[in-house]
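Written out below as structure tokens is the structure these notes cover.
Each reported figure results from applying straightforward, stated rules to the coordinates on display, with no laboratory input. All figures in this text were calculated on a predicted structure; none of them were measured in a lab. FYI the Cβ positions are ideal-geometry reconstructions off the backbone, even for glycines, and counts take in every protein chain you see.
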Amino acid sequence: MDNPFTLAGKTILVTGASSGIGRGIAVACAGMGAKVILTARNEIRLQETLFLLEGDGHSYICADLTKAEDRQHLVEQLPLLDGLVQCAGVMSRVPCKAIGAEDIQQVFQPNVEAPMLLQAELLQEKKIAKSASIVYIASIAARSAVAGNALYSASKAALISYAKCLSLELAPRMIRVNCICPAMVWTDLALVGATQEELDADQAKYPLKRYGRPEDIANLAIYLLSNASAWMTGSCVEITGGGNELIHR
Amino acid sequence: MEEFIKNFANQWDETEPEVFTPECAFHELEEWSSLTGLAILNMVAKKYGVKIAPMELKNCVTIADLYNLIQSKQ
């Protein structure tokens, strides 16, 4: 039987590919036969990710997606895409009473504005192939409240609502749009605003006894990028180790 | 130091301002919570341009300890 999960013959762009979930997804996509294009700000870490990719034909393009000129440069160089995974994002821990305009910008620019603008530019320049699959990395934080998480949660909720509308607009061309909502995953972002000790105690409370790893999320991304999920769009899939609420720390 | 204590005290809602002296062991105050900690880290970043890790804040016993940590990073 043909493997419905294969990504052979697909060209996939991964944003935020220099670390964490983005790097994990890039590695997994290459492992499943895709030609992967990596993008992020940090060239050295992009080269590290590139080095980890199985197979040939992969490449990277440095870009700060919050900058219009960087996005333009990226989009110009891209081939036609069969898949796009938007992983680039930042974490923020600020109590509501301390939120200033700069805090909002610092989170909403990379987490909401940049992916929306990149998506629009990719569509205008006709870089998304028919029947392509688009995946956004959101978070369970969009619906699970934790004190101090307001900006991050709100940014991910915005991304999810955006993606659902996008899925309707692209459905006529059989382009699918889905979100992945992970609970806590071990990445650099997890360490923002918490000590290692607190995180270790927190992960023990998950029914599956640990936080996620980038490869856990990557396997779900492979499913959403592959033809196995051909009848799936506008969905938001939670992947949580059984911890259906983010646990207060 | 005086100004720092004022900024520090501003992050609390229930504790009387007189409590905040350089020797105050702030983790032991009834109002202390991780959210207060976040508010303090945020204030330090914005007003003093210094990034402090949650672990470093945990290791500060008194307000003076935190003040000295900020000084050492400026």
Worksheet item: Does anyone have the angle between helix A:68-77 and the longest principal axis of chain A? Alpha-carbon axes, 0 to 90°, nearest 10?
Response: 40
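Placing unit charges on C-beta atoms (Lys and Arg positive, Asp and Glu negative, everything else neutral), compute the dipole magnitude of region A:16-146 about its Cα centre in debye, rounded to 20. Walk me through the intermediate numbers first.
Numbers: 12 positive and 14 negative charges, 85 e Å.
Computed about the Cα centre, the dipole is about 400 debye.
So if I place +1 on the C-beta of Lys and Arg and -1 on the C-beta of Asp and Glu, and nothing else carries charge, what would the dipole magnitude of region A:107-247 be about its Cα centre? I want it in debye, nearest 20.
The dipole magnitude comes to about 600 debye.
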Response to the item:
Among GluC sites (Glu not before Pro) in region B:1-59, those in a DSSP loop whose Cβ has at most 11 other Cβ atoms within 10 Å are B:E14, B:E23, B:E30
Discussion item. Pairing rule first: another cysteine's C-beta must sit under 4.7 Å. Under that rule, which cysteines of the protein assembly as shown stay single?
Written reply: A:C29, A:C62, A:C87, A:C96, A:C165, A:C181, B:C24, B:C60
Practice prompt. Would you be so kind as to identify which of A:V146, B:W12, A:T195 lies farthest towards the positive end of the dipole of the protein assembly as shown, taking Lys and Arg as +1 and Asp and Glu as -1 on Cβ and the Cα centre as origin?
Written response: A:V146
Worksheet item: What size of dipole, in debye to the nearest 20, comes out for region A:129-199 about its Cα centre when the only charges are +1 on Lys and Arg C-beta atoms and -1 on Asp and Glu C-beta atoms?
Response: 540
Fill in: Number of partner chain Cβ atoms within 10 Å, mean per residue of A:143-152
1
Worksheet, complete the sentence: the protein assembly as shown: spread of alpha-carbon positions along the three principal axes, whole Å, largest first, is 72, 44, 36
Worksheet item: Helix B:63-73 versus the longest principal axis of chain B: what angle, 0 to 90°, nearest 10, using Cα atoms?
Response: 10
Fill in: Extreme residue, positive dipole direction of the protein assembly as shown, given options A:F108, A:L118, A:W231 (C-beta unit charges)
A:W231
Discussion item. I'd like the orientation of helix A:20-31 relative to chain A: the angle between its Cα long axis and the longest Cα principal axis, in ° from 0 to 90, rounded to 10.
Written reply: 30
Worksheet item: In region A:202-242, which chymotrypsin sites (Phe, Trp or Tyr not before Pro) are in a loop and have at most 10 other Cβ atoms within 10 Å, using DSSP for the loop call?
Response: A:W231
